[in-house]
Amino acid sequence: MNKTPRIDVATLVTGLTLIGFAVLGGLVAWGHTLIRPASLWFALVLLASGSIGLAVSLTRRDDRH
Amino acid sequence: MNSLVDLGTLDHRLVGLQRPNGTTFTSGLCRAVAARVGIDVLLVRLAVVALVFAAGLGLVLYAWATLLTPREGRVAPIRRLVPAFERWPRNTQVVVIGASSLVVVLALASQGNFSLFPAIVVVAVFLLMRRRAIRAGSAHPGTGQHPAAAWHDAAAPTAPPPTTATTIEEWRSRLAAHASIRTGPADPLPVVDLYGPDPDPAPGPNPAPAHPQAPVSWWGAVLVVLLSGGAASAAFAFGLSPTWLWACVLGTGVAGATMLFWALLVRSRRLPVVVLVLALGVGATSSWMVTERSEPAERVAVETGTQDLTYEFIANTGVVDLSDLDLDDASTITVEANLSSVRVVLPAEPIRFTQDAEMSQVDVVHPSSRTADEERPRSSATLVINAVMSTVEVEYLS
């Protein structure tokens, strides 16, 4: 039986994190000022991408049977 | 073998509980519990409603109980929503349920200014009753239940019907014989569910995983480097300004997008971990450098001599410099800041300062050279700060 290969969560999370970092940098480069410390926004990006990765890991089916 | 925690963990009478079909408005949990315990369903519902007022404890328990209890002939909702949950050890499941319930109760209590005392009392009474039940069970094996049995009741072997004393003694002797060949005293008895689905075949010494790890693709790593490097070079080539800022942003963004598409589309091969770590480090460093190079806030043109001054900032940043304002000027200065970062400079502390800050931070900066008992000059102006998700810094020059 052919099974769809599983998503590589590490690559997924890294991609999401880099996109979030790029969005933050793009906002600043565009001329906007972050109204909170930049470290907070970076932490939020890491938290969001990590949560998505965790959700993907937990909700995918168990393929052992 | 792990299995799903059910309400039998709380009370042995609720082992293998199933919610009835046909209840659409409610989950049918109260009806199932009442039928199993043998009390009126109204009492169970009243108990749940009363527990809701114990800092939302009833709400959390009802939600978890519904998730863990299947409808007749179906699987528990938690198995469909989070398939990995039942693969965790039962103790881990209990810890997750307890921790999440604690977080929700604490959040509800803090947000609604509810007292935690009723919830603490309820939990303490429950733990006390459960402990007494366990002690009674160990003292009188025929009437109570061992704590370990509560974990395995759902699949525990059913004792033969005690029709005669001979049958019971035979069953006990078989259990004792089995216990004597166990490897350690702490090992639980084997669990056999005669009515459950067929067990998984016994794994061999090295069972092959159903999903072996996908092989590494270095060509994918090269693709990521080429695309991100090309995007960063394009910033220079097209002369985007400021160049190096946009080079960092574009390179990081393209690398992230490439990895995201690779993870979603090219599942047969994975990117090397070293490439992921390097990309993350380079992306974080470059983005941090970009944010550190943010432009200084723009000064807002200030008019003096008018009675009311109003400055609005929406998703912006700026400085309202009123340092030249006359101390006798009785103007009303209103600063409306929405999603913005604003700095207000005043010659002295205003005679009235009103602030309405929602999810915002308003800081007042006094001159560092001033002492506490020093005579402070006062401005006749009135300052009104209305901030929504913003940071406002008010600085007094004297």
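Taking B:ILE39 as meeting all but one of (1) within 29 Å of A:VAL56 (Cα to Cα); (2) at pLDDT 85 or above; (3) outside any helix (DSSP H, G or I), write down the number of the exception.
Among (1) within 29 Å of A:VAL56 (Cα to Cα); (2) at pLDDT 85 or above; (3) outside any helix (DSSP H, G or I), B:ILE39 violates only (1).
Considering only the stretch B:372-382, I want to know if a residue exists there that is closer than 19 Å to A:LEU34 by Cα and open to solvent by 50 Å² or more (accessible area, probe 1.4 Å).
no
Hey, could you check the stretch B:68-124 for residues that are touching a Lys or Arg at 6+ places or on another chain (Cβ under 6 Å) and more than 14 Å from chain A (Cβ to nearest Cβ) and say which is least open to solvent (accessible area, probe 1.4 Å)?
For the stretch B:68-124, the residue satisfying everything is B:THR69.
At pLDDT below 90 and either facing another protein chain (nearest Cβ under 7 Å) or in contact with an Asp or Glu (Cβ under 8 Å, 6 or more places away or on another chain) (or both): does that describe A:GLY26? Even if it seems obvious, please write down each step before you answer.
Values: at pLDDT below 90: yes; either facing another protein chain (nearest Cβ under 7 Å) or in contact with an Asp or Glu (Cβ under 8 Å, 6 or more places away or on another chain) (or both): yes.
In short, yes.
For the stretch B:300-310, does any single residue satisfy the condition of being more than 32 Å from the chain's Cα centre (by Cα) and at pLDDT 80 or above?
yes
Counting only residues that are facing chain A (nearest Cβ under 8 Å) and more than 12 Å from B:ALA221 (Cβ to Cβ), how many does the stretch B:264-281 have?
Of the residues in that region, 4 qualify.
If B:LEU264 satisfies every condition in (1) at pLDDT 85 or above; (2) open to solvent by less than 50 Å² (accessible area, probe 1.4 Å) but one, which is the exception?
Only one criterion in (1) at pLDDT 85 or above; (2) open to solvent by less than 50 Å² (accessible area, probe 1.4 Å) is unmet by B:LEU264, namely (2).
Here is a check on your reading of the model: is B:THR391 within 14 Å of chain A (Cβ to nearest Cβ) and not charged (D, E, K, R)?
Criteria met by B:THR391.
B:LEU17 passes all but one of (1) part of a helix (DSSP H, G or I); (2) open to solvent by less than 20 Å² (accessible area, probe 1.4 Å); which number fails?
Failed condition: (1).
Listed residues A:LEU47, A:LEU12; which is surrounded by fewer than 17 Cβ atoms within 10 Å (Cβ to Cβ) and either at the interface with chain B (Cβ under 8 Å from one of its Cβ atoms) or modelled with pLDDT of 80 or more (or both)?
A:LEU47
So for the stretch B:272-289 (the condition being over 30 Å from the mean Cα position of the chain (by Cα) and modelled with pLDDT under 85), does at least one residue qualify?
Scanning the stretch B:272-289, I find at least one residue that is over 30 Å from the mean Cα position of the chain (by Cα) and modelled with pLDDT under 85, so the answer is yes.
So, B:PHE126, is that one in a helix (DSSP H, G or I) and at pLDDT 65 or above or not?
yes
Within the stretch B:49-63, count every residue that is open to solvent by less than 40 Å² (accessible area, probe 1.4 Å) and either of a type in the set (D, E, K, R) or without any contact (Cβ under 8 Å) to a residue 40 or more places away in the chain (or both). Reasoning before the result, please.
Taking the stretch B:49-63 as the starting set, the residues that turn out to be open to solvent by less than 40 Å² (accessible area, probe 1.4 Å) are B:54-58, B:60.
Pick out the ones that are also either of a type in the set (D, E, K, R) or without any contact (Cβ under 8 Å) to a residue 40 or more places away in the chain (or both) and you get B:58.
Final tally of qualifying residues: 1.
Quick one: what pairs do we get from the stretch B:97-113, first residue among the aromatic types (Phe, Trp, Tyr), second open to solvent by 70 Å² or more (accessible area, probe 1.4 Å), C-beta under 6 Å, 6+ apart or different chains?
Every condition considered, no pair remains.
The values are calculated or read from the model by the stated rules, or taken from the named source; none is laboratory data. Because the structure is a prediction, the values reported are computed rather than measured. So basically every Cβ, Gly included, is an ideal-geometry build from the backbone, and we count neighbours across all protein chains shown. Surface accessibility is based on the protein's heavy atoms, side chains included, excluding ligands, DNA and RNA. Shrake-Rupley method; radii C 1.70, N 1.55, O 1.52, S 1.80 Å.
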